[in-house]
Every structure is written in C-alpha cells, then in structure tokens.
C-alpha cells in the first residue's frame with residue numbers, strides 16, 4: 001500500500017489475570033490504523049478481548 005509507515009506500538013495485555021507488557025512493530029498508514037491492527041492481532045492470536053488490551057504509546061519509526 002502506498003504511504004505505509006512503520007510504527008512501534010507499546011502497551012499492556014491482561015491474560016488470565018496477569019498483566020504483560022508488549023511492544024509490536026506494525027506497518028500502517030496512520031497511528032490509529034496501527035492501534036487497530038495491534039488489537040486485531042492480539043485478539044486473533046492470543047484470544048484476548050479488546051477491553052483487556054491497553055495501548056500506552058504509538059511511535060513512528062524512521
């Protein structure tokens with residue numbers, strides 16, 4: 001896709017009562033799309049609901 005940038009999404013995920021920090025590199029057009037993609041990936045791979053994912057920071061990598 002044209003105009004995609006690399007973003008570093010950082011936050012916490014709560015699974016089975018335990019909070020774990022995460023950091024994920026994602027390609028997206030905007031920071032909002034990067035946050036959405038991070039939630040989708042954690043939901044599908046780790047079976048975690050969106051209310052258990054807390055995104056703390058989204059940084060654009062150069």
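For residue 62, are the conditions met, namely being modelled with pLDDT of 90 or more and in contact with a strand residue (DSSP E or B) (Cβ under 9 Å, 6 or more places away or on another chain)?
Answer is no for this residue.
Quick one: how many residues across segment 1-39 are in contact with a strand residue (DSSP E or B) (Cβ under 7 Å, 6 or more places away or on another chain), surrounded by 14 or more Cβ atoms within 10 Å (Cβ to Cβ) and not in a helix (DSSP H, G or I)?
Matching residues across segment 1-39 total 11.
Which pairs do you get when a residue that is closer than 15 Å to residue 16 by Cα, found in segment 40-62, comes within reach of a residue that is modelled with pLDDT under 90 and not in a loop (DSSP other than H, G, I, E, B), reach meaning Cβ atoms under 6 angstrom, with the pair 6+ apart or on two chains?
Between residues of segment 40-62 that are closer than 15 Å to residue 16 by Cα and residues that are modelled with pLDDT under 90 and not in a loop (DSSP other than H, G, I, E, B), the close pairs are 48/15; 48/42; 53/42.
I'd like the residue in segment 42-56 that is modelled with pLDDT of 90 or more and either under 9 Å from the mean Cα position of the chain (by Cα) or at positive phi (or both) and, out of all such residues, is surrounded by the fewest Cβ atoms within 10 Å (Cβ to Cβ).
So, considering only residues that are modelled with pLDDT of 90 or more and either under 9 Å from the mean Cα position of the chain (by Cα) or at positive phi (or both), the one surrounded by the fewest Cβ atoms within 10 Å (Cβ to Cβ) is 54.
The values are calculated or read from the model by the stated rules, or taken from the named source; none is laboratory data. Everything quoted here is computed from the prediction, not taken from an experiment. Cβ atoms come from the backbone with ideal geometry, glycine included; neighbour counts cover every protein chain shown.
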